[in-house]
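The values are calculated or read from the model by the stated rules, or taken from the named source; none is laboratory data. Keep in mind it's a predicted model, so treat the numbers as computed, not measured. All Cβ positions, glycine included, derive from the backbone under ideal geometry; neighbour counts span all protein chains shown.
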Amino acid sequence: MKISNILLGAVVASALSVTGAFAQTKLSRNEIVNSLQGAQEKVEFSADDLRKQAFEHIKRFPGDNATEVLPLAAKLNQLRQFNVEVTFDFDSARIRPESYETIGVIADALHTPYLWGAKFFVVGHTDAKGDREYNLNLSQKRAEAVRDALVTTFRVPADRLEAVGLGEEQLRDPADPDGAINRRVQLINVGY
Amino acid sequence: MQPEKVRSVFDTVYGGYCVMVRIFCLLSALVWAGFAPAANAQTVGFAEAIKILSSSCGKDIETYCKSANLGNNEIGSCLENNKSKVSDQCNVDRARVSALLEARFAAQAAVPKVCERDSRQYCKGMKPGSGHILKCLLKAEKVVGKDCNQAIDWAGYR
């Protein structure tokens, strides 16, 4: 069950039919808690470092798709994390109603004492379709929309969450750059 | 944690009917009337609560709130501004969802006070903050008092 959920953890970037979207896999609070809690390497870079790096990456390695991995990717991969599927309107940062529950499950997880005190990056990713810089900006706005909902609607303390958009700079499956598997919101535990 | 209690509140609050013991019917009535049941009642998680908004108001949100997002009360104020147009079910349930969220916040806020004595007794010397005391109380469930355990359940902390 754990594996199937992780595999299905992709952000669907375009509008889905309402009936289709309700068929999402059921997320569990404890699954998120278990994936995110635990010992942590000391994270020595900030959300801003990461945002800047993604932006510079596009300038340094221009082209339709990224050819190199982000310098911080290896470090990010070592951190406790969880991928979720959040559906947004096409070309927009508006979270679709069928994903409210998913945001609620994340809020339920972040409210448990097991994750108190820890800080998280809410990282938005797109697939490789379209312009890289555009995707970077869109994913930043989407990550901010998720963070805003967690902080305001569900009152997760604002200082525990930072929104980062990585666009198409860190594809989950570089062999399938346009695949849905790349569209996702990642929660990454960045320690205390 | 008694699952059947969760179930009964869920049924009475969401199902709109009352099949369980009187106290839960009363609780349901209070929620219906828009009174958050504060910290002295079973509550539901954020996911369960917000799911009601998408199922009862999803269609209206898509019709009237195409530029509103979930955060910053954008959806809440959009539905309020369009209350004469949105479905009756949505108008009933959006108030219910707010009450459920408030009830959970209140239940969380109540824990430190309800569990004060147990914290002093079983989690002495624990560093405050970062959930240390609560994690200690969770581990000490078997010896922790009934009220504190119940407050922890109602807060969704277990």
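See the values below:
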read-out: Flag if B:R117 is of a type outside the set (A, V, I, L, M) and farther than 21 Å from A:V156 by Cβ; value: yes
read-out: Residue tally, condition over 19 Å from A:V146 (Cβ atoms), of a type outside the set (K, R) and within 18 Å of the chain's Cα centre (by Cα), over the stretch A:47-70; value: 5
read-out: Pairs, first within 9 Å of another protein chain (Cβ to nearest Cβ) in the stretch B:52-63, second basic (K, R) and assigned to a helix (DSSP H, G or I), C-beta under 8 Å, six or more apart; value: B:L53/B:R94; B:C57/B:R94
read-out: Matching residues, the stretch A:97-120, being within 8 Å of chain B (Cβ to nearest Cβ), modelled with pLDDT of 95 or more and outside any helix (DSSP H, G or I); value: A:T112
read-out: Residue count for the stretch B:65-75, restricted to those that are surrounded by 18 or more Cβ atoms within 10 Å (Cβ to Cβ) and in a helix (DSSP H, G or I); value: 3
read-out: Within the stretch A:131-173, tally of residues that are within 30 Å of B:L101 (Cβ to Cβ) and assigned to a helix (DSSP H, G or I); value: 19
read-out: Some residue of the stretch A:134-153 being surrounded by fewer than 18 Cβ atoms within 10 Å (Cβ to Cβ), at positive phi, more than 17 Å from the chain's Cα centre (by Cα) and within 14 Å of chain B (Cβ to nearest Cβ); value: no
read-out: Positions within the stretch A:174-192 being more than 14 Å from chain B (Cβ to nearest Cβ) and part of a loop (DSSP other than H, G, I, E, B), in sequence order; value: A:P174, A:A175, A:D176, A:P177, A:D178, A:G179, A:R183, A:V190
read-out: Long-range neighbours under 9 Å by Cβ, at least six apart or interchain, first residue more than 13 Å from A:S139 (Cβ to Cβ) and touching a residue at least 24 places away in the same chain (Cβ under 8 Å) within the stretch A:42-59, second of a type in the set (D, E) and surrounded by fewer than 12 Cβ atoms within 10 Å (Cβ to Cβ); value: A:H57/A:E68
read-out: Of the criteria (1) closer than 29 Å to A:I106 by Cβ; (2) more than 24 Å from the chain's Cα centre (by Cα), which one B:R117 fails; value: (1)
read-out: Qualifying positions in the stretch B:80-137 - basic (K, R), in contact (Cβ under 8 Å) with a residue 12 or more places away in the chain and touching a Phe, Trp or Tyr at 6+ places or on another chain (Cβ under 8 Å); value: B:K85, B:R96, B:R104
read-out: Residues being surrounded by 21 or more Cβ atoms within 10 Å (Cβ to Cβ), away from chain B (no Cβ under 14 Å) and at negative phi - total across the stretch A:154-173; value: 8
read-out: Unmet requirement for A:A128, which otherwise passes all of (1) within 14 Å of chain B (Cβ to nearest Cβ); (2) outside any helix (DSSP H, G or I); value: (1)
